[in-house]
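The values are calculated or read from the model by the stated rules, or taken from the named source; none is laboratory data. Keep in mind that this is a model prediction, so the values were computed, not measured. For neighbour counting, all protein chains shown are included, and Cβ atoms are generated from backbone atoms with ideal geometry for every residue, glycine included. Surface accessibility is based on the protein's heavy atoms, side chains included, excluding ligands, DNA and RNA. Shrake-Rupley method; radii C 1.70, N 1.55, O 1.52, S 1.80 Å.
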Amino acid sequence: MSDKAKKPLIELKDIYKQYVNEDVVTKVLHGVSLTINEGEFVAIMGPSGSGKSTLMHILGFLDSISSGYYKFNSHDVSGLSDDQKAIMRRKEVGFVFQSFNLLPRTSVLENVALPMIYEQIPEDERRIMAKKALKTVGLDHRLDHLSNQLSGGERQRVAIARAVANNPSIVFADEPTGNLDTKTGEEVLMMFQDLHKTGRTIIMITHEQEAAEYAGRIVSIRDGKIV
């Protein structure tokens, strides 16, 4: 099925975001409208301070909008409470961060299975799902290694396995190659391409043109507006 035939997973309409600290108002997003379909691999690209991280935090239910309209999977999620956002994050979203965010003295398998504890998935099932995800990223031979015994590239692959283990609707990758050398970064980006080919929806935040070109579509943001 082509992207055109797929239904929208994310629909943003006229999104504004501002932060108020005492009497100081900082306006970050200015009327952002964007649609992302199921199964797309989209890079959101912009320089530092462009608003791309704020946009990702809103899309990934880490932050709220000031005004506008956000539909996720045909449901209006514009005004969710913090608790409701936390539920959406657990059920619908996988995150991959620049700094990996792994527990250092914990095994690879336990790192990947950790988010499933919050979903109260039984331990045997967690292990099966974590092993399957680690096989997807080619690390099923490293299950019992501690994460601090791995290279940077391997740690990022563990983070990818953790992000997809629970089969989320969407995976967000925030500067996923920022802490990696060029060759390792390319391997990680190719891994996202492979995941995309299996039908996963991926949104990658980056300031690097070379990284963005691995995506199927590039959305540029500057000064809080889509350009």
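Can you bin the stretch 82-227 into rounded, prolate or oblate? Criterion: square roots of the alpha carbon gyration tensor eigenvalues sorted a ≥ b ≥ c, rounded for a/c under 1.5, prolate for a/b above b/c, oblate for the rest. Oblate, since a/c reaches 1.5 and b/c is not below a/b.
For the residue pairs K17/K197; K6/K132; K13/K131; K132/K183, the C-alpha atoms sit more than 30 angstrom apart in K17/K197; K13/K131. With both labels modelled 7 Å from their Cα along Cα-to-Cβ, the R217 to R90 distance reads 3.1 nm. Ligands, DNA and RNA are left out, and with a 1.4 angstrom probe the accessible area of the chain is 51 Å² per residue. Once the Cα atoms are used to define both axes, helix 108-118 deviates from the longest principal axis of the chain by about 50 degrees. Just check the stretch 1-115 against the gyration tensor rule for me: Cα atoms, a ≥ b ≥ c as the square roots of the eigenvalues, rounded for a/c under 1.5, and otherwise prolate or oblate depending on whether a/b exceeds b/c. It comes out oblate by the Cα gyration axes. Report note on the peptides 215-222, 98-105: ranked by the mean count of other C-beta atoms within 10 Å, highest first, their order is 215-222, 98-105. Going by the alpha-carbon gyration tensor, a ≥ b ≥ c the square roots of its eigenvalues, is the stretch 136-196 rounded (a/c under 1.5) or, if a/c is not under 1.5, prolate (a/b greater than b/c) versus oblate? Oblate. The angle separating the long axis of helix 152-164 from the principal Cα axis of greatest extent in the chain is about 70 degrees.
Ranked by the mean number of other Cβ atoms within 10 Å of their residues, highest first, the peptides 15-26, 51-62 fall in the order 51-62, 15-26. Between the helical axis of 82-92 and the longest alpha-carbon principal axis of the chain there is an angle of about 50 degrees.
Highest-first packing order for the peptide set 173-181, 74-82 is 173-181, 74-82, based on the mean count of other beta carbon atoms within 10 Å. Hey, rough spin-label estimate for H141 and N179, points 7 angstrom out along Cα→Cβ, what's it come to in nanometres? Between H141 and N179, the simple spin-label model gives 2.4 nm.
For the chain, the share of accessible area belonging to carbon and sulfur comes to 46 percent (1.4 Å probe, ligands and nucleic acids excluded).
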